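Before any comments, here is the structure.
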Protein chains: 2
Amino acid sequence: MDDKWLRRILALLFLLLVFAVSNSRLTAESELSIMPLPAHAIAGTGSLPIDGGFQFISEGYTEPRLDEARSRFLVRLEQQTGILHFPPASPKQPGFIVRTSAPSAPIQELGEDESYHLEVTEHGVLLSAPNPLGILHGFQTFLQLIRTTPQGFVVDSVVIDDQPRFPWRGLMIDSGRHFMPLSVIRQTLDGMEAVKLNVFHWHLSEDQGFRIESKTYPLLQEKGSDSNYYTQDEVRGIIHYARDRGIRVIPEFDMPGHSTSWFVGYPELASGKGPYQIERKWGVFDPAMDPTRESTYAFLDAFIGEMTALFPDAYFHIGGDECNGKEWDANPRIRQFMLDHQLKDDAALQAYFTKRVQQLVTKRRKITIGWDEVLQPDTPKDVVIQSWRGQDSLAQAAHRGYRGVLSAGYYIDLNESAAQHYAVDPLEGATAKLTPEEKANILGGEATMWTEFTTPENIGSRIWPRTAAIAERLWSPEGVKNVDSMYRRLAIVSQTLTDYGFNYTATSSDMLQRMVGDADDAPLRVLASVVEPPKEYDREGLRDYDLYTPLNRMVDAVPPESDRAREFRRIASRVAAGTASPDEENQAREWLTTWRDNDAILQPTLSRSSLTAELIPVSRGLAQTATIGLAALDAIEQRKPLGTAEKQQFMSTLKLLEAPQAVLLDMVVPGVEALVGAAHP
Amino acid sequence: MDDKWLRRILALLFLLLVFAVSNSRLTAESELSIMPLPAHAIAGTGSLPIDGGFQFISEGYTEPRLDEARSRFLVRLEQQTGILHFPPASPKQPGFIVRTSAPSAPIQELGEDESYHLEVTEHGVLLSAPNPLGILHGFQTFLQLIRTTPQGFVVDSVVIDDQPRFPWRGLMIDSGRHFMPLSVIRQTLDGMEAVKLNVFHWHLSEDQGFRIESKTYPLLQEKGSDSNYYTQDEVRGIIHYARDRGIRVIPEFDMPGHSTSWFVGYPELASGKGPYQIERKWGVFDPAMDPTRESTYAFLDAFIGEMTALFPDAYFHIGGDECNGKEWDANPRIRQFMLDHQLKDDAALQAYFTKRVQQLVTKRRKITIGWDEVLQPDTPKDVVIQSWRGQDSLAQAAHRGYRGVLSAGYYIDLNESAAQHYAVDPLEGATAKLTPEEKANILGGEATMWTEFTTPENIGSRIWPRTAAIAERLWSPEGVKNVDSMYRRLAIVSQTLTDYGFNYTATSSDMLQRMVGDADDAPLRVLASVVEPPKEYDREGLRDYDLYTPLNRMVDAVPPESDRAREFRRIASRVAAGTASPDEENQAREWLTTWRDNDAILQPTLSRSSLTAELIPVSRGLAQTATIGLAALDAIEQRKPLGTAEKQQFMSTLKLLEAPQAVLLDMVVPGVEALVGAAHP
């Protein structure tokens, strides 16, 4: 073959490659409607109709967990399509080959291969993976690929090769502050499976409650839980349930602080005099374990022995956060101990405690994980740091050789937007500057669901759908970060979760209906659709809350993020920039009119229920905001100009309307501020 | 004391009595918002705030079932109010005295005393009953009494003395045609408890499936169930669950017809040649047990022995309906048997069979219940007749001394309105003419949920809330029959059930969302809010359905009865009669305008999903109906007269619009017909 031919062939191959890349390679953000987006996807032609079951063919390794997964897959398929019955073993059914090379570890391990290969053609499906973990993920991907079309439900032909970016993709639930029944835990695990999270971190002890049965020290649950705790059998059930879904379970026993509930039954563990009561308030409290007595470690040795035997995972979380040291400082015996042992401050004393506890964990062949505070100068190198402080803290740890998990930025209890969480990357800022070897110490991240303001009723709307955005951050390639695409797909995933029976949107509706009693709830929903709970820790400052405060107000019913208000802000900023379409301007006007007029309809009903009376100023405020918005729109559209004084007046009114009312933020204000800002006199 | 004084005192007492009756006696229909309404209720003054738990005081007899009921009561209280935590044993908590005189029967019996006395004052609650059954009912009444007020949740002071009108208040679920998972059964039992139904009739075998594990004849479930059956342990669990809620469980094994699924594993039981397959179509089929062979009775003897041991209730249902006799007629051996035994026709042969089976049931000390067909000239007097035929059939049976239960009129699978079911009384028509002794044979009634067109997904919206209206018919005094009051209270009870987690309204929404895929579902909801499934057995004639037909269309998503359309009909009839208020006229105009304009918004999306394409003419039809309605309204309001020809044209168009489209009825048509009828040219 001469050069010319070779060059021609090369040119042809190049063209084919360009064609393949430009036409077939899915610019995943624009095409697939799934979450998290896969690492690689190539679109094919045609699509597979989903109108019956599949002829499943198992190849290679198999185990009962795979059969369970297949049954669950079929149930989900039914829930998503409403197609209930498939003719048995009909040759019309397309083949669904599940090819598994080998078993996964008997106890799921950090860093196991979770990759899978999924091929869908017009005629069938091939799902293959090195081990069952990938198969589990592949089933979830397939379910999300189902689309509604004029020809029925289909999955478009596609080849996906997928694996996670980070090996530790977690969600923590705080069962300590508000106890969460098993049904909530199971539903959460179902949702985690759907978005490929693989670590369930179970916060099991708090000042407000000790939530697991100890057979060694039964007074822990008997006196420390208000009878709200998980039995060991129930815990074993959850561990099994999680394993079936490719999820590890890591228990956390927070110490030496956040431990009041331990001391109700065992006051001798504490540094203060006692007696102790279960804490009923929220915050950081003084009670702390006594790090100076050998009896403390003897107790913890037996306790950790019991719990490490119950939880098979290799990691064991000992908390370590927010110990204020006040009980230590107030105890002369402890002060003397510090002098004797040259422990210069409370941090040093806590480091001593952590080291002792960590040795107890190591003795059980487990690896310790703890919050930032456990990291001290001589912390053993295998301790994993979970950071609520941020990437700087994590980078320092990684630089020193410690592995870490990011939680700062993933605190889903703080009512921030999905976009805010989505923007947080474990490898940005300080961690981005690490060497590749140091970067490998960053294992991933964990969303944290603290439950001061969360009940079994509303926890669904606190976790979902925003946690799916965090799951994508931790699974998908670093470059996947288009926020519009994320929101578009988030809405679809949210609907899919609803198909699976996680009725968190319905629960919000039910809560609103409860607030108005027998009255029509439509006007209340109009208000509810554009307000949000306060952000970060603002709520604590607005009212006195404790364990007994009913969480049945609007702030508890509405989702942390208002889709309607976000959409209004987007349109308002386009109107302000002069880039809005006529349809968008009309939409803005229509919404503003609805919000302005809603108050007159809603007001008469608000005073009829004690749960809605506080909303009187909120509803009036929304009408004010919308009135200003309409005036600004008129000015922009040059129907009616806006005087300078009037504009200033509007701006200062809006400033006032930014403040929370009835523990709620009016989220229309920012969009209206943009409109007023753009309304030239 | 002279006469004059006596007369004065008597007059005073009389006045007091009149005062008491006119002021305090609740005209229950106007005041209490509960369902079923109680037999007697007297309003007090003031109300009990519900803002914490209660100090429960148990008096008299107690048992674990009462503790369970109290825990469940507290969970419901939490779900209804969103008040999650109550300070433990606070003296602020009002007392809640539960006073039980004696145990109920070890196995719940027909006709046990279910009465209770409930006193609520500003300071506390007294709930007393002769046995735990009344306590269970009283808890449910209390929960329904909770109201939303400006002062918080309260229960108004009241004294209620309540007991049921009929001792047999049932709901049947057909697990044969569509298998219903345990979660559905448990939720149904929860709902039954809430509305004081006390018999769960479990239809466990059908042509399409044999749904319970038999250890004696395992091929019944192994070959006859597509693996969808209840294990005996699960059944025991359900029986226990039902007993905890004051509900008896009566199994039905339908024979000699409706029994194809038995013959897949045991063809020797059948009258035909076989082999048999599980039936996949709907209807009445030929396969029937062979009543002529002794081996049939030997089989049934062992089977009935097994099942009567499993189900503790004194009653055992043997079906008996719709045996068409074709397999008998086609079998020469059976024809010969009939000649030999002087059995003149198939009915006589079935009577012979029933008698033999009934003896097997009696042998186990159980009482037989069967559908109308089991009643023959020599049927033993303790057999109970469940009538799908109606009061005439029931009256004849009662007159002959048989006890009976009415189901005709309570077929909730036929998509009739709550008002239609509510109007049906076991003691009206032929039964009303019975002697008091004969009337005592009418035990009550049973709603029947046949499941040709019902899946685990939509069964909730088929049962609830209409079954609550039937429950009231069977519990409340005969005179309680105001339909407006019923609908008002039904809406409230429906909301309460939703508070308890029966998300049947949410499920309907989810199904609509699924139909449109990612598109906005609001316009589809407008259409969905005014259409209904066809009534009675019309659906079967409109399309070919079988077990494999997906039930994921609009007809499956919408409730059997449209609240919005009913309200429109009410207003339209007032407009037509000239008695409507201006607000009502405006409301009618607003709705009609929405319905007219919805088509233009909805049409573009309908063709995008295979599940909605069929709705194109339905949506167009609604627009037509509404356009005519607006023209009629204009004519009535004398804005624009209506010509005679135009009126006739409208009427004939409306006649066409009455016909089902896409298996749906446009329920706006009747109201518009009323408007056109009233629009004088």
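Kindly evaluate B:V361 against the criterion of being modelled with pLDDT of 95 or more and either out of contact with any Asp or Glu (no Cβ under 7 Å at 6 or more places or on another chain) or on the phi > 0 side of the Ramachandran plot (or both). Step through it out loud before you land on a result.
On the way: modelled with pLDDT of 95 or more: yes; either out of contact with any Asp or Glu (no Cβ under 7 Å at 6 or more places or on another chain) or on the phi > 0 side of the Ramachandran plot (or both): yes.
So B:V361 passes the test.
Counting only helices (runs of 4 or more DSSP H) that fall entirely inside segment B:576-681 and contain at least 2 residues that are crowded, with 16+ Cβ neighbours inside 10 Å and within 14 Å of chain A (Cβ to nearest Cβ), the qualifying elements are B:582-606. Screening segment A:497-506 for residues that are in a helix (DSSP H, G or I) and open to solvent by 20 Å² or more (accessible area, probe 1.4 Å) and picking the one that is nearest to B:L497 (Cα to Cα) gives A:T505.
When B:L37, B:L32 are checked against the criterion of being at pLDDT 90 or above, within 14 Å of chain A (Cβ to nearest Cβ) and open to solvent by less than 60 Å² (accessible area, probe 1.4 Å), B:L32 stands alone in meeting it. Looking at (1) assigned to a helix (DSSP H, G or I); (2) in contact with a Gly (Cβ under 9 Å, 6 or more places away or on another chain), which is the only condition A:D51 fails? Going through the list (1) assigned to a helix (DSSP H, G or I); (2) in contact with a Gly (Cβ under 9 Å, 6 or more places away or on another chain), A:D51 breaks only (1). Restricting A:G283, A:G246 to residues that are surrounded by fewer than 23 Cβ atoms within 10 Å (Cβ to Cβ) and more than 14 Å from chain B (Cβ to nearest Cβ) narrows the list to A:G283. Could you grab me the full set of residues in segment B:70-107 that are among the aliphatic types (A, V, I, L, M) and modelled with pLDDT of 90 or more? B:L74, B:V75, B:L77, B:I97, B:V98, B:A102, B:A105, B:I107 - these are the residues of segment B:70-107 that are among the aliphatic types (A, V, I, L, M) and modelled with pLDDT of 90 or more.
Starting from segment B:38-67, take each residue that is closer than 22 Å to B:Q151 by Cβ and list its partners that are surrounded by fewer than 17 Cβ atoms within 10 Å (Cβ to Cβ) and of a type in the set (A, V, I, L, M), counting only C-beta distances under 8 angstrom and pairs at least six apart or across chains. Listed by first residue and then by second, the contacts come to B:G53/B:L74; B:Q55/B:A89. Of all residues in segment A:529-585, those satisfying the criterion of being within 18 Å of A:L611 (Cβ to Cβ), β-branched (V, I, T) and modelled with pLDDT of 95 or more are A:V531, A:V555, A:V558. Within segment A:427-442, if we keep just the residues that are of a type in the set (S, T, N, Q) and either within 25 Å of A:R566 (Cα to Cα) or touching a residue at least 24 places away in the same chain (Cβ under 8 Å) (or both), the residue that is least open to solvent (accessible area, probe 1.4 Å) turns out to be A:T431. Of all residues in segment A:214-226, those that are within 28 Å of the chain's Cα centre (by Cα) and surrounded by fewer than 20 Cβ atoms within 10 Å (Cβ to Cβ) total 1.
Limited to segment A:536-550, what total is found for residues that are out of contact with any helix residue (DSSP H, G or I) (no Cβ under 6 Å at 6 or more places or on another chain), in a loop (DSSP other than H, G, I, E, B) and either closer than 30 Å to A:D597 by Cα or not aliphatic (A, V, I, L, M) (or both)? Explain how you work it out, then say what you get.
So in segment A:536-550, the residues out of contact with any helix residue (DSSP H, G or I) (no Cβ under 6 Å at 6 or more places or on another chain) come out as A:537-550.
Add one more test, that the residue is in a loop (DSSP other than H, G, I, E, B), and what stays is A:537, A:543-545, A:547-550.
When the remaining residues are screened for being either closer than 30 Å to A:D597 by Cα or not aliphatic (A, V, I, L, M) (or both), the result is A:537, A:543-545, A:548-550.
Here the count works out to 7.
Can you say whether B:G209 is more than 14 Å from chain A (Cβ to nearest Cβ) and either among the hydrophobic types (A, V, I, L, M, F, W, C) or open to solvent by less than 10 Å² (accessible area, probe 1.4 Å) (or both), as far as the supplied structure shows? The answer is no for B:G209. Here A:V555 passes the criteria (1) open to solvent by 10 Å² or more (accessible area, probe 1.4 Å); (2) within 14 Å of chain B (Cβ to nearest Cβ); (3) part of a helix (DSSP H, G or I) except the one numbered (1). Report yes if some residue within segment A:500-522 is among the basic types (K, R) and at pLDDT 95 or above; otherwise report no. Looking for residues that are among the basic types (K, R) and at pLDDT 95 or above, one finds none in segment A:500-522, hence no. If I filter segment B:291-310 for residues that are open to solvent by 60 Å² or more (accessible area, probe 1.4 Å), assigned to a loop (DSSP other than H, G, I, E, B), of a type in the set (D, E, K, R) and touching a Gly at 6+ places or on another chain (Cβ under 9 Å), do I get at least one hit? No - not one qualifying residue is present in segment B:291-310.
Results for (1) under 29 Å from B:D510 (Cβ atoms); (2) without any contact (Cβ under 8 Å) to a residue 60 or more places away in the chain; (3) more than 14 Å from chain A (Cβ to nearest Cβ), shown as yes or no for each residue.
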site	(1), (2), (3)
B:G444	no, no, yes
B:N458	yes, no, no
B:R462	yes, no, yes
B:A471	yes, no, yes
B:S476	no, no, yes
B:G479	no, yes, yes
B:S485	no, no, no
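State the number of residues belonging to segment B:492-506 that are touching a residue at least 12 places away in the same chain (Cβ under 8 Å) and either facing chain A (nearest Cβ under 9 Å) or within 16 Å of A:F153 (Cα to Cα) (or both). Lay out the reasoning, then the answer.
So in segment B:492-506, the residues touching a residue at least 12 places away in the same chain (Cβ under 8 Å) come out as B:492-494, B:496-497, B:499-505.
Next, from what is left, pick out any that are either facing chain A (nearest Cβ under 9 Å) or within 16 Å of A:F153 (Cα to Cα) (or both): B:492, B:499, B:501, B:503, B:505.
Summing the residues that are touching a residue at least 12 places away in the same chain (Cβ under 8 Å) and either facing chain A (nearest Cβ under 9 Å) or within 16 Å of A:F153 (Cα to Cα) (or both) in segment B:492-506 gives 5.
B:E457 - would you say it is open to solvent by 10 Å² or more (accessible area, probe 1.4 Å), in contact with a His (Cβ under 9 Å, 6 or more places away or on another chain), over 14 Å from B:F166 (Cβ atoms) and acidic (D, E)? The answer is no for B:E457. Scan segment B:332-391 residue by residue and report those that are within 31 Å of the chain's Cα centre (by Cα), polar (S, T, N, Q) and part of a helix (DSSP H, G or I). Once the filter is applied, which keeps residues that are within 31 Å of the chain's Cα centre (by Cα), polar (S, T, N, Q) and part of a helix (DSSP H, G or I), segment B:332-391 yields B:Q350, B:T354, B:Q358, B:T362, B:Q391. The set of residues in segment B:86-116 being closer than 18 Å to B:H40 by Cα and more than 26 Å from the chain's Cα centre (by Cα) is empty.
Taking the stated definitions as given, is A:A419 among the aliphatic types (A, V, I, L, M) and open to solvent by less than 20 Å² (accessible area, probe 1.4 Å)? So A:A419 fails the test.
Just one of the numbered conditions (1) under 25 Å from B:G501 (Cα atoms); (2) open to solvent by 10 Å² or more (accessible area, probe 1.4 Å); (3) in contact with a helix residue (DSSP H, G or I) (Cβ under 8 Å, 6 or more places away or on another chain); (4) within 14 Å of chain A (Cβ to nearest Cβ) is not true of B:L74: (3). When the residues of segment A:564-575 are narrowed to those that are open to solvent by less than 20 Å² (accessible area, probe 1.4 Å) and of a type outside the set (G, A, S), which ends up farthest from the other protein chains (Cβ to nearest Cβ)? Applying the filter and picking the extreme gives A:V575.
The residues in segment B:394-411 that are buried (at least 23 other Cβ atoms within 10 Å of the Cβ) and either acidic (D, E) or in a helix (DSSP H, G or I) (or both) can be counted, and the count is 4.
The set of residues in segment B:322-331 being in a loop (DSSP other than H, G, I, E, B) and crowded, with 18+ Cβ neighbours inside 10 Å consists of B:C323, B:G325, B:N331. Note on segment A:507-552: residues that are within 8 Å of chain B (Cβ to nearest Cβ), closer than 24 Å to B:S33 by Cβ and surrounded by fewer than 19 Cβ atoms within 10 Å (Cβ to Cβ) total 1. Here A:V424 fulfils each of the conditions (1) out of contact with any Asp or Glu (no Cβ under 8 Å at 6 or more places or on another chain); (2) without any contact (Cβ under 8 Å) to a residue 40 or more places away in the chain apart from (2).
The values are calculated or read from the model by the stated rules, or taken from the named source; none is laboratory data. Only a predicted model underlies this, so the values are computations on that prediction, with no experimental measurement involved. Glycine gets a Cβ as well: all are built from the backbone with ideal geometry, and neighbour counts include every protein chain shown. Heavy atoms of the whole protein, side chains included, go into the accessibility calculation; ligands, DNA and RNA do not. Shrake-Rupley method; radii C 1.70, N 1.55, O 1.52, S 1.80 Å.
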